Every structure is written in C-alpha cells, then in structure tokens.
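Chemist: Here's a structure for you.
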Amino acid sequence: MADDNKVQIPRVKLGNTGLEVSKLGFGCMNLNGVYKSPVSEEEGILVIKHAFSKGITFFDTADAYGSDSANEVLVGKALKQLPREKVQISTKFGIVGLDRESHSLIVRGTPEYVRSCCEASLKRLDVDYIDLYFQHRVDTLVPIENTMGELKKLVEEGKIRYIGLSEPSPSTIRRAHAIHPITALQMEWSLWSRDIEEEIVPLCRELGIGIVPYSPLGRGFFGSKAIDENELGDGILASHPRFLGENLSKNKQLYDRIETLSRKHQCSPAQLALAWVLQQGEDVVPIPGTTKIKNLDDNIGSINVKLTEEVVKEICDAVPVEEVVGGREHEMINKMSWKFANTPPIPKVSELST
C-alpha cells in the first residue's frame, strides 16, 4: 500500500486564470452527514486540520451542506486555526431546495440571489473573500449571462477571486466564459462516471478551464465503504440506483476487479481508483471526502501511485462504462431534502426567475 507518510502533494494551476491549489483537494460535505451520520464539530475540524498538515490546501463546501449551512460554519471555524493565505476555499450557491412532486432540485441564479448567497457565505465562513465560488447547479430560467454578470461584479469587489460552474452544459460553459473567465468546472468523474470525457473535458482544455471531479471514488464505492446494501443506513446512498439490489450485485463485480488489480499494484482499491482520476491531467484536481483520518491518509497515498499507460488501460478495461448498472444520481433526489441548508416552502416556478 502506498505510504502516505512520504507523500509530497504537488501544487498545480487550476485553469489558466491564476488559481494555484494542491493537486488533491478535500470535499467537506460529509462531515455534516449526507452519506452517513455527521461527525462532531471537533472531529470535523480535526479532519480538516489533518488534511492541511499533509499538504492539502484546497477545501470544498457549499451553502447547501448541512442544516442551516452548518458545513460552511464548520469550515470557517477550521480556517481560524490555519494560515488563511495558504488555504483555498471553494463554496457554492444555487440550490434552494427540493420539489418533492417532481423529485428535482430547485435552483436559483438571479443576480439578487447570487449576491445574497455570497454575503451569507462570507459571514458563515468568517472570511473577507472566497477563493473559488461555484454555481452549484445552473438555473435554466435565468440567462447564464445575468448570473455571470453578478459574479463578475463580486470579483471586481474582491468578495470572490475566481468563478466556477457545477454540472453545466457545453453551451452554458461557452456563454458563461464569454462574460468572465471560468476558472474551474466541478463535475462528477470517476471510474464509473465518465460521461464528461467526450465533450466537457475537451471543451475545458480548449478554454483553459480546470476540472474538479467530485465523488472521484464513486461515492465511496471504490473505497469499499458501502459494498454491503445492509450497511448503507438511511443516507442518500440507500436510494442511489447503483447501490440497490440487483444493481449493486452486478456492480460489485467491477469493484472485485479493481480490488484484484490493487493487490497486483500494491495499493488499496481506493488509491488505485483515485490515482486513475489524478492521472487524467495536471488540470484535474479531485476532491474526495471522508470523515475518517485513516481513509484520508489512504486517499493521500494515491499521489504516490504512478500508473503507466498500460495500467491505465488495464483499469479502464476492468470497469467498462457499459457494464455499470444504474443511473448516476437522479433516482436518489427524493432522499435529499434533509441535506439542504433550509427547507422553505417550495417556491412556484414563476418566482424563481424574478
């Protein structure tokens, strides 16, 4: 198994707008519970500080994580114990709640909403600026030019330094980038979620946009965290289509292949899967999350797992995307209402673009 004690996490440019981050980031979301029970505030701060001590400087959160945006508050408290100038914080805005009838997320991207969310996040994080501010999901009822126009103003005011988008379409990326340079895209990318490779990744490289893969371990699947359906608890994975019944049984075959390969290459399954993501390019900075320091150290050890082209092909052949059973996430949306920062009355569609 790769030794994390001898890991030097390199620094890389995320996109071509000037933001420099650690090659491996840390997703803070689950510290406040999503997949499993949240940890205490003290434990969460300890995990963040440990990550920093090992060379991780890029931490990702959002206003939608935890009751009353508790994850931003937690990250803010951890920041007080770290040198601010050496840490890069990304947070997100845009998810308002859940439409329980359609099982779809309600998002908002009006200029007024953008500004109010930014001000609120600055206060919760207790910082003067946000390094990288993502639109969590694109509001299709509001022209992206309007949303980006307000984000551009926030950059000019020094409240945010760089702008990112999460899960946008290619056309939205181009339109947004024309208003103000996009620094990074946050997209799901892992061995079993590879749909961005055909169009999104080449577009990012054409425009000089960095890529921040979330769920780079397949929501923990390739870290063997939730291979047994009985161990999923009441988190959102309990309704994720890839973790249910016959789907899970079939997908386990993919994990078994990665586990076999990991033994061959003397690393853990998580390290092999994460090393595959890391090796997709210098402009790729994955943000795996965990609540356990031992798993964090294991993830960090992936930096030392170097893959030849032959091994990369071997890994891809072990997890053919056509053999992955179950959708990426849509069927689990109806389990996510408890995750959001607030659960206000569901606004009417007509109210979202005003």
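Where a number appears in this text, it was derived from the coordinates with a stated rule and is not lab data. Computed from a predicted model, the values in this text were never measured in an experiment. For neighbour counting, all protein chains shown are included, and Cβ atoms are generated from backbone atoms with ideal geometry for every residue, glycine included.
Chemist: Within the chain, what percent of beta bridges assigned by DSSP are antiparallel, to the nearest 5?
Modeler: Roughly 25 percent of the beta bridges in the chain run antiparallel, per DSSP.
Chemist: Report which label in [x] 20; [y] 28; [z] 13 holds the value of percent of Cα pairs over 37 Å apart derived from the coordinates of this structure.
Modeler: [z]
Chemist: Also, I was wondering about something else. Would you mind calculating the relative contact order of the stretch 20-339 from Cα pairs under 8 angstrom and at least 6 residues apart, reporting the percent as a whole number?
Modeler: Here the relative contact order equals 20 percent.
Chemist: Give the aspartates and glutamates reachable from K6 as a straight Cα distance under 16 Å; neighbours fewer than 8 places away on the same chain don't count.
Modeler: D297, D298
Chemist: Continuing with the same structure: At 0.36 nm per residue, and after removing the present C-alpha to C-alpha distance, how many nm does the segment from E150 to E20 gain when stretched out fully?
Modeler: 44.4 nm
Chemist: Students often get this wrong: which residues of the stretch 60-104 have the backbone nitrogen under 16 Å from the point 7 angstrom along Cα-to-C-beta of D128?
Modeler: 80, 83-89, by backbone N distance to the label point.
Chemist: At 0.36 nm per residue, and after removing the present C-alpha to C-alpha distance, how many nm does the segment from D99 to Q266 gain when stretched out fully?
Modeler: 55.5 nm
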